[in-house]
Structure formats: structure tokens, C-alpha cells
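What follows is a structure written as C-alpha cells; I'll ask about it next.
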Amino acid sequence: MAGRARYTALLDACVLYPLAIADSLMSVAATSLYAAKWTLQIEREWMNALVRNRPDLAGRLEPRRDAMRDAVPDWEVTESTWRNFAEGEVMRGMPDPGDVHVLAAAIGGHADCIVTSNLKHFPEAIVSRFGIEVIDPDRFLVHQWDLDAIAVIAAFKRMRARWRRPQASAEDFASAMERGGCPRPQFDSAKQRN
């Protein structure tokens, strides 16, 4: 399809699992600052993990899944797109065989980066050969903020307005993000040292 190329991020299951982080990533993607991508396998992985840890959510995650798909209509990297990459020699050396398909999907989906909390699962020596960066969700959202702070603030305001508790304060919002992994403590302490 002809048109302007956008920065593309493949979202790993671990960043779609925590509600606040997933909602943040979807909200910012809806601003068109970047194109968010994932696979059906990634989708099943975060849903299955959530049900394993919260059995009361069994059968109740489809509305969340559908809202994510609606927020990012061109989300899917199909299996036929990534399968050949996953089976190639190129994937040797990946520390977690379960993440081979994530890298394969990033390659097949023409992703510029993989957003994940599991940075060690994607060694730079392997991933960089494909021109793909691996970045944690905190740093990724900060980069989006740096690109267009007004768009990200507006996205976060819309996100906060969707919460069941609309009276949630900015501090409640920040706490929810922190519980989901943003900001990561090592970045806070690094900032304090500077």
C-alpha cells in the first residue's frame, strides 16, 4: 500500500498483559504516532497468562481483546507472514524458544522495534541483524512523549476518562502505570544519580 511509512512496534505478550500498559500502548497507537502490531499467538499468550493468574477473568477478556483490535485495526501479523522466518536458521541462538515467533513476527511485520519487558529474551547480536531495536514499554512511551508530547498527553487524558472510576486522580493513573511496569525502578534510580 502506498503512503507514509510509520514507525512500527511489535508488542510482546508481557506488555499486553498489564491493563494500564496495554491501554497506554493502544491509546498512543490510536494517535497514529506509531503502528502497533501483534500476532494471534501473542494475543492468546497474554490472555492465557491472565486467566492462569486470575481465573475469575475466564471468558471475560474478549471485550478487552476486541477493544484493542478496534483501537488498532491493522494490528495482526498473520502466521503465514512470520512462519518462514521462525523456521529459518536465523533464529538459532534465541534464549527462549517461545519468543522465536515474536522476533519472526517483527521481521515479517516490518517492525522497527519489539516492545517487551523481557529484554534478555531478545539478544542484540541476533535482533540487530534485522535492524530491529528491543525496548521496554517505559522507554518506548517516553520516546513517544518526546516525539509529540501534546498527542501523548491527549491520549492519556482520553485513557483516564475511560476508566470505570473517572474520579481517578493523576496520582492514581501514575500508580497504575507503575504497577504495570512503568516507570521501571532502575530508570528512576539512574535518573536520581544524574
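Take the Cα radius of gyration of region 17-61 and divide it by 2.2 N^0.38 Å, with N its residue count; two decimals is plenty.
Working: Rg = 12.1 Å, N = 45, 2.2 N^0.38 = 9.3 Å.
Here the answer is 1.29, to two decimals.
Between Asp70 and Asp146, 0.36 nm times their residue separation minus their Cα-Cα distance comes to what?
Values: separation 76, 0.36 × 76 = 27.36 nm, distance 2.57 nm.
Using 0.36 nm per residue and subtracting the Cα-Cα distance, I get 24.8 nm.
Take the alpha carbon gyration tensor of region 1-99, find the square roots of its eigenvalues, order them as a ≥ b ≥ c, and report rounded if a/c is under 1.5; if not, report prolate when a/b exceeds b/c, else oblate. Don't skip to the answer; put the middle values down first.
Numbers: a/c = 1.99, a/b = 1.09, b/c = 1.82.
Oblate.
If a paramagnetic tag sat 7 Å from the Cα of Val51 along the Cα-Cβ line, which residues of region 5-21 would have the backbone N under 19 Å from that point?
The answer is 13-19.
Show the residues, 5+ positions off or on another chain, whose built amide H is closer than 5 Å to the amide H of Val134.
For Val134, whose amide H was placed from the backbone, the distant partners under 5 Å are Ile114.
Going by a ≥ b ≥ c, the root eigenvalues of the Cα gyration tensor, does region 39-168 fall in the rounded group (a/c under 1.5), the prolate group (a/b larger than b/c) or the oblate group?
Details: a/c = 2.04, a/b = 1.38, b/c = 1.48.
It comes out oblate by the Cα gyration axes.
Based on the Cβ-Cβ distance of Arg162 and Glu79, what FRET efficiency does E = 1/(1 + (r/R0)^6) give at R0 = 30 Å, to the nearest 0.05? List each step's numbers first, then the result.
On the way: r = 31 Å, r/R0 = 1.04.
The computed FRET efficiency comes out at 0.45.
Please work out whether region 107-156 counts as rounded, prolate or oblate from its C-alpha gyration tensor, where a ≥ b ≥ c are the square roots of the eigenvalues and a/c under 1.5 means rounded, while otherwise a/b larger than b/c means prolate and anything else oblate? It would help to have the intermediate numbers written out before the result.
Working: a/c = 2.99, a/b = 2.05, b/c = 1.46.
Here region 107-156 falls in the prolate category.
Explain nothing, just compute: Karplus ³J(HN,Hα) = 6.51 cos²θ - 1.76 cosθ + 1.60, θ = phi - 60°, for every residue of region 154-162 in order, whole Hz, x for Gly and Pro.
Per-residue couplings from phi come out as 4, 5, 5, 5, 5, 4, 4, 5, 7 Hz.
Now for a different question. State the extension gain, in nm to one decimal, for the chain segment bounded by Ile153 and Asp96, taking 0.36 nm per residue of separation less the distance between their alpha-carbons.
On the way: separation 57, 0.36 × 57 = 20.52 nm, distance 3.57 nm.
Roughly 17.0 nm would be gained on extension.
Throughout, read-outs are computed from the coordinates displayed, never taken from laboratory work. This structure is a prediction, so every number in the text was calculated from the model and none was measured. Note: ideal-geometry Cβ built from the backbone for every residue, glycine included; neighbour counts use all protein chains shown.
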